[in-house]
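Note sheet for the following structure.
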Amino acid sequence: MPVKLLDTYELSRYVIILTGATDGIGKEMARILSGFNPKRLILPARNKEKGNNLLEYIKSSNGHANNVEIWEMDLADLQSVKNFANKFINEVGELHMLINNAGILVTSEIIKTKDNLELQFQVNHLAPFFLTILLLDTIKKSVSAELPGKIAFTSSMIQASGEIDFDNLNLEKGAYWNPFKSCGNTKLMNIITAKELTRIVQNENITTYSLHPGTILTNVTHMNSALAKFFMNIYVKMIAITPEQGATNVLYPVLSPENKETGKYYHEGIEQEPNKLANDQELAKKLWNVSVKILKDHGMI
C-alpha cells in the first residue's frame, strides 16, 4: 500500500544532493523538496538541456527555485563523479542529505561505460557508492543530533531476485538472458551498501535508507528493440503508479521524524524485509572492499 500523504517539512537548514532528478520520480522529488525551502538543493545532471528544463519545471510548478542549483555530473564517468564531489567540497563544504536516486535498466545488451565497466553496475552501484564515500566526511562534519544526516538509495523490488557474484559483477560471463536479474543484482547492492554504511557511521547522527518507490513508467530503461519497449510499456502501465506517488514513497520514510531506525528497506513507503543476502555482514564487507578496489584500480582513490 503506497504512502498517501507527505507532510510539509522544514528543510531550511539542510543542504541536499539529489541524483537522477531530470526524469521520473527524481523530477517530482526535486519539485517536492524545493517546496520545503532547503538551504541548498543541488541536482546533478548529465544533460545540460535536461537540467535547465528541470529548473524551469520547478519554477513553473511551485516557484521555489531560488535555492535550486543544477550541477554537471555523469554517473557513467567516474572522473565526472570525482570532479563533482571535489567541486562540492570546495565550494559548498556542508551536506546533510544525499539521495542516490539515479538508476538504469538495460534490457537489450551489455553496454560498457568509458571506464570499461558494465553500465548498470556503474550507474546503479559503483558511481553512487563512490559519490557517497567521497562526501561522507563532509556529511559527518555537517550533521548533529539536532540536524541529523540522511543517506538514501533508490533500490527496486527486483532486488528480491538479486545475487552477488564477485566473478561476474561486470557481466564478464555474459549471461544477459535475464536483464532484470542483472539489474536486480545492482539494486541488491544498494541495500547492502546502505546497511554497511549503517555500521560504518554508527554514532555519527546519520541514518541510511534503501527504498523501492513502486512500479513507474520512467526513462530509466535502455532498450534497442522497439517491440520490447512497446510490450514493456504496456506491462508497466497496467501496474504503474504516478511519478509523484513514487517520489512520495521515497521521501516520506527519509523525511519522517518517526523513522529513527537506520539501515531499513522500504517498499512503497512501508518498512519491509529485503533479500536475505542483505543481512550477510561478511558479504557486505566484501562488496564494500571489492568496490573500493575497483575504484583504486581505475585511479579514482
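Would you call residue 75 without any contact (Cβ under 8 Å) to a residue 60 or more places away in the chain and within 22 Å of residue 212 (Cα to Cα)? So residue 75 fits the description; yes. Residue count for region 270-289 satisfying the condition of being touching a strand residue (DSSP E or B) at 6+ places or on another chain (Cβ under 8 Å) and surrounded by 15 or more Cβ atoms within 10 Å (Cβ to Cβ): 2.
Taken across region 288-296, residues that are of a type in the set (D, E, K, R), out of contact with any Asp or Glu (no Cβ under 6 Å at 6 or more places or on another chain) and modelled with pLDDT of 95 or more do occur, with at least one present. Yes or no: region 51-62 includes at least one residue that is under 25 Å from residue 206 (Cα atoms), out of contact with any Cys (no Cβ under 8 Å at 6 or more places or on another chain), at pLDDT 95 or above and not aliphatic (A, V, I, L, M). Among the residues of region 51-62, not one is under 25 Å from residue 206 (Cα atoms), out of contact with any Cys (no Cβ under 8 Å at 6 or more places or on another chain), at pLDDT 95 or above and not aliphatic (A, V, I, L, M), which makes the answer no. Being farther than 30 Å from residue 285 by Cα, in contact with a helix residue (DSSP H, G or I) (Cβ under 6 Å, 6 or more places away or on another chain) and at pLDDT below 90 holds for only one residue in 217, 227, and it is 217. Per the conditions (1) modelled with pLDDT of 95 or more; (2) more than 21 Å from residue 252 (Cα to Cα); (3) surrounded by 23 or more Cβ atoms within 10 Å (Cβ to Cβ), the sole criterion not satisfied by residue 155 is (2).
In this structure, residue 25 qualifies as within 26 Å of residue 240 (Cβ to Cβ) and in contact with a helix residue (DSSP H, G or I) (Cβ under 8 Å, 6 or more places away or on another chain). Please count how many residues of region 51-63 are surrounded by 14 or more Cβ atoms within 10 Å (Cβ to Cβ) and touching a strand residue (DSSP E or B) at 6+ places or on another chain (Cβ under 9 Å). The number of residues fulfilling the criteria is 5. If you scan region 273-296, which residues turn out to be under 30 Å from residue 33 (Cα atoms) and either touching a Pro at 6+ places or on another chain (Cβ under 9 Å) or without any contact (Cβ under 8 Å) to a residue 60 or more places away in the chain (or both)? Passing the criteria: only 273.
Does residue 128 satisfy being surrounded by 20 or more Cβ atoms within 10 Å (Cβ to Cβ) and touching a residue at least 12 places away in the same chain (Cβ under 8 Å)? Judged against the criteria, residue 128 is a match.
The number of residues in region 178-203 being more than 15 Å from the chain's Cα centre (by Cα), more than 14 Å from residue 104 (Cβ to Cβ) and either in a helix (DSSP H, G or I) or at pLDDT below 95 (or both) comes to 8. Filtering region 133-152 down to residues that are farther than 15 Å from residue 193 by Cβ and surrounded by 22 or more Cβ atoms within 10 Å (Cβ to Cβ), which residue is nearest to the chain's Cα centre (by Cα)? My answer is 149. The set of residues in region 131-160 being under 15 Å from residue 191 (Cα atoms) and free of Cβ contacts under 8 Å to residues at least 40 places away in the same chain consists of 158 alone.
The values are calculated or read from the model by the stated rules, or taken from the named source; none is laboratory data. Only a predicted model underlies this, so the values are computations on that prediction, with no experimental measurement involved. Virtual Cβ from ideal backbone geometry, glycine too; neighbours counted across all protein chains shown.
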